[in-house]
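K.L.:
Once you've had a glance at the structure underneath, I'll fire off some questions.
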């Protein structure tokens, strides 16, 4: 994939659009474009879909410091240092923060956005999102009017590559769409059904047991499972139930690896999480402290946790692949609209997490739904 795309990225100045499967190497394309721009004395802006991913990129790109490049993250949860932002070689922001900054570009605090020479858009298929697509579209359009940066747009799941390329004025020779053949780990995806009852609460447990039917064999073989549920509370409840249920199914539980777990878990702020990870089952949601989230992500990435329950934000925010991915809940509660069906973008993003390159020969992904809807 890089062989096909890098000549356009490094050999020209045209805008580039790349759609390719998860874990196929799109980050290398972004980094090549950034290095080219910064090496020429320019400033690069990386638009990440979530704050969690801006933090991840900050850690990943510490190595840019060795090349003499400075990286600065601008998010709503941090105090802005205009001087650091102005001097930074690489800026990392969410679309929402970039939207705010470009609106205030006339102020001294946000004047740095007028000096962007390259804008890398990660997960550009957010354009299709009802809630966030408009923000991304307006922000990029405003940025192009302000300073006319080169655009490199990357996506794992995008049906309308040609439309995005036309919007960004990317020529045909700089527009790339790679199919599943380029996925480093083959994916087996399917729908698993359950029969609903009269009680919605009981249905959650029916779906959970169905999820464990699917994940259990992989966990028994030493693999990992990532299960997506609808809410923060669901992650905690599902993890607590799973700890007992796996034991009754004779599936090996317990934290994995030679590791002083009791010492490590003492640092966790969430008491329930502390007990859960000792059984090899974790949960991840936006309500956890940043340190707790970082530890859970690290332990799962290292294979120390067998099962992880999460809300959909983890699919967008952090690259945590697993041998088996199960979407337990396809609906979530919206305070204004009530029960809302999950978007196809979220579903594809979650399914794309199945299969760990270098560890798994194949990834397995399942969506659980009512038999009447299958």
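The values are calculated or read from the model by the stated rules, or taken from the named source; none is laboratory data. What you see is a predicted model; the values in this text were computed from it and never measured. Backbone-built Cβ (ideal geometry, glycine too); neighbour counts: all protein chains shown.
K.L.:
Do you know which of the residues in segment 31-52 that are farther than 25 Å from residue 111 by Cβ and under 18 Å from the mean Cα position of the chain (by Cα) is surrounded by the fewest Cβ atoms within 10 Å (Cβ to Cβ)?
P.N.:
Restricting to residues being farther than 25 Å from residue 111 by Cβ and under 18 Å from the mean Cα position of the chain (by Cα), the top hit is 31.
K.L.:
Continuing with the same structure: Could you list, in sequence order, all residues of segment 286-310 that are outside any helix (DSSP H, G or I) and either within 18 Å of residue 54 (Cβ to Cβ) or not assigned by TED's automatic domain parsing to the domain that holds residue 358 (or both)?
P.N.:
286, 288, 289
K.L.:
Right, another one. In this structure, does residue 313 turn out to be out of contact with any strand residue (DSSP E or B) (no Cβ under 8 Å at 6 or more places or on another chain) and either closer than 28 Å to residue 217 by Cβ or in the same structural domain as residue 22 (by TED's automatic domain parsing) (or both)? So that I can check it myself, show each step before the final result.
P.N.:
Numbers: out of contact with any strand residue (DSSP E or B) (no Cβ under 8 Å at 6 or more places or on another chain): yes; either closer than 28 Å to residue 217 by Cβ or in the same structural domain as residue 22 (by TED's automatic domain parsing) (or both): yes.
In short, yes.
K.L.:
Oh, and also: Do you know which residues across segment 6-38 are more than 24 Å from residue 357 (Cα to Cα) and part of a loop (DSSP other than H, G, I, E, B)?
P.N.:
Within segment 6-38, 12, 13, 14, 15 meet the criteria.
K.L.:
Only one of (1) more than 21 Å from the chain's Cα centre (by Cα); (2) surrounded by fewer than 18 Cβ atoms within 10 Å (Cβ to Cβ); (3) not in a loop (DSSP other than H, G, I, E, B) fails for residue 212. Which number is that?
P.N.:
(2)
K.L.:
Give the residue that is nearest to residue 128 (Cα to Cα), with candidates limited to residues of segment 175-192 that are in contact (Cβ under 8 Å) with a residue 60 or more places away in the chain and in a helix (DSSP H, G or I). Before you say what the answer is, go through the steps one by one.
P.N.:
Quick first cut of segment 175-192, residues in contact (Cβ under 8 Å) with a residue 60 or more places away in the chain only: 175-180, 182-192.
Next, from what is left, pick out any that are in a helix (DSSP H, G or I): 180, 182.
Details: 180: 21, 182: 23 Å.
By that ranking, first place goes to 180.
K.L.:
Assess whether residue 286 counts as being in contact with a helix residue (DSSP H, G or I) (Cβ under 8 Å, 6 or more places away or on another chain), touching a residue at least 40 places away in the same chain (Cβ under 8 Å) and surrounded by fewer than 16 Cβ atoms within 10 Å (Cβ to Cβ). Spell out the reasoning first.
P.N.:
Numbers: in contact with a helix residue (DSSP H, G or I) (Cβ under 8 Å, 6 or more places away or on another chain): yes; touching a residue at least 40 places away in the same chain (Cβ under 8 Å): yes; surrounded by fewer than 16 Cβ atoms within 10 Å (Cβ to Cβ): yes.
Against the criterion (in contact with a helix residue (DSSP H, G or I) (Cβ under 8 Å, 6 or more places away or on another chain), touching a residue at least 40 places away in the same chain (Cβ under 8 Å) and surrounded by fewer than 16 Cβ atoms within 10 Å (Cβ to Cβ)), residue 286 qualifies.
K.L.:
Just to be sure, is residue 372 surrounded by fewer than 11 Cβ atoms within 10 Å (Cβ to Cβ) and more than 26 Å from residue 22 (Cα to Cα)?
P.N.:
Taking the combined requirement at face value, the residue satisfies it.
K.L.:
Does residue 220 qualify as being over 24 Å from residue 274 (Cβ atoms), buried (at least 20 other Cβ atoms within 10 Å of the Cβ) and touching a residue at least 12 places away in the same chain (Cβ under 8 Å)?
P.N.:
Numbers: over 24 Å from residue 274 (Cβ atoms): yes; buried (at least 20 other Cβ atoms within 10 Å of the Cβ): no; touching a residue at least 12 places away in the same chain (Cβ under 8 Å): yes.
In short, no.
K.L.:
Select from segment 262-283 the residues that are over 27 Å from the mean Cα position of the chain (by Cα) and either crowded, with 17+ Cβ neighbours inside 10 Å or in a helix (DSSP H, G or I) (or both) and list them in ascending order. Full working, then the answer.
P.N.:
Step one: of segment 262-283, the residues over 27 Å from the mean Cα position of the chain (by Cα) are 262-263, 266.
Within segment 262-283, 262, 263 meet the criteria.
K.L.:
In a loop (DSSP other than H, G, I, E, B), surrounded by fewer than 20 Cβ atoms within 10 Å (Cβ to Cβ) and without any contact (Cβ under 8 Å) to a residue 60 or more places away in the chain: is that true of residue 254 in this structure? Walk me through how you get there before you give the answer.
P.N.:
On the way: in a loop (DSSP other than H, G, I, E, B): yes; surrounded by fewer than 20 Cβ atoms within 10 Å (Cβ to Cβ): yes; without any contact (Cβ under 8 Å) to a residue 60 or more places away in the chain: yes.
Yes, satisfied.
K.L.:
Sticking with this structure for a sec: What is the number of the single condition among (1) out of contact with any helix residue (DSSP H, G or I) (no Cβ under 9 Å at 6 or more places or on another chain); (2) in a helix (DSSP H, G or I) that residue 114 does not meet?
P.N.:
Here residue 114 meets the rest and fails (1).
K.L.:
Filter segment 161-174 down to residues that are under 24 Å from the mean Cα position of the chain (by Cα) and touching a residue at least 12 places away in the same chain (Cβ under 8 Å) and give me whichever is farthest from residue 347 (Cα to Cα). Full working, then the answer.
P.N.:
Going through segment 161-174, the residues under 24 Å from the mean Cα position of the chain (by Cα) turn out to be 161-165, 168.
Filter again for touching a residue at least 12 places away in the same chain (Cβ under 8 Å), leaving 161-162, 164-165, 168.
On the way: 161: 19, 162: 22, 164: 21, 165: 24, 168: 26 Å.
So the residue we want is 168.
K.L.:
Tell me, yes or no, whether segment 58-78 has at least one residue that is closer than 21 Å to residue 14 by Cα and surrounded by fewer than 16 Cβ atoms within 10 Å (Cβ to Cβ). Walk me through it before giving the result.
P.N.:
Step one: list which residues in segment 58-78 are closer than 21 Å to residue 14 by Cα, which gives none.
No.
K.L.:
Output the residues belonging to segment 328-364 that are more than 15 Å from the chain's Cα centre (by Cα) and crowded, with 21+ Cβ neighbours inside 10 Å.
P.N.:
328, 329, 363, 364
K.L.:
So for segment 162-170 (the condition being touching a helix residue (DSSP H, G or I) at 6+ places or on another chain (Cβ under 7 Å) and either surrounded by fewer than 17 Cβ atoms within 10 Å (Cβ to Cβ) or assigned to a loop (DSSP other than H, G, I, E, B) (or both)), does at least one residue qualify?
P.N.:
Keep residues of segment 162-170 that are touching a helix residue (DSSP H, G or I) at 6+ places or on another chain (Cβ under 7 Å), which gives 164.
Add one more test, that the residue is either surrounded by fewer than 17 Cβ atoms within 10 Å (Cβ to Cβ) or assigned to a loop (DSSP other than H, G, I, E, B) (or both), and what stays is none.
No, there is no match, as no residue in segment 162-170 is touching a helix residue (DSSP H, G or I) at 6+ places or on another chain (Cβ under 7 Å) and either surrounded by fewer than 17 Cβ atoms within 10 Å (Cβ to Cβ) or assigned to a loop (DSSP other than H, G, I, E, B) (or both).
K.L.:
Going residue by residue through segment 41-58, is there one that turns out to be at pLDDT 95 or above and over 19 Å from residue 144 (Cβ atoms)?
P.N.:
Yes, because at least one residue in segment 41-58 is at pLDDT 95 or above and over 19 Å from residue 144 (Cβ atoms).
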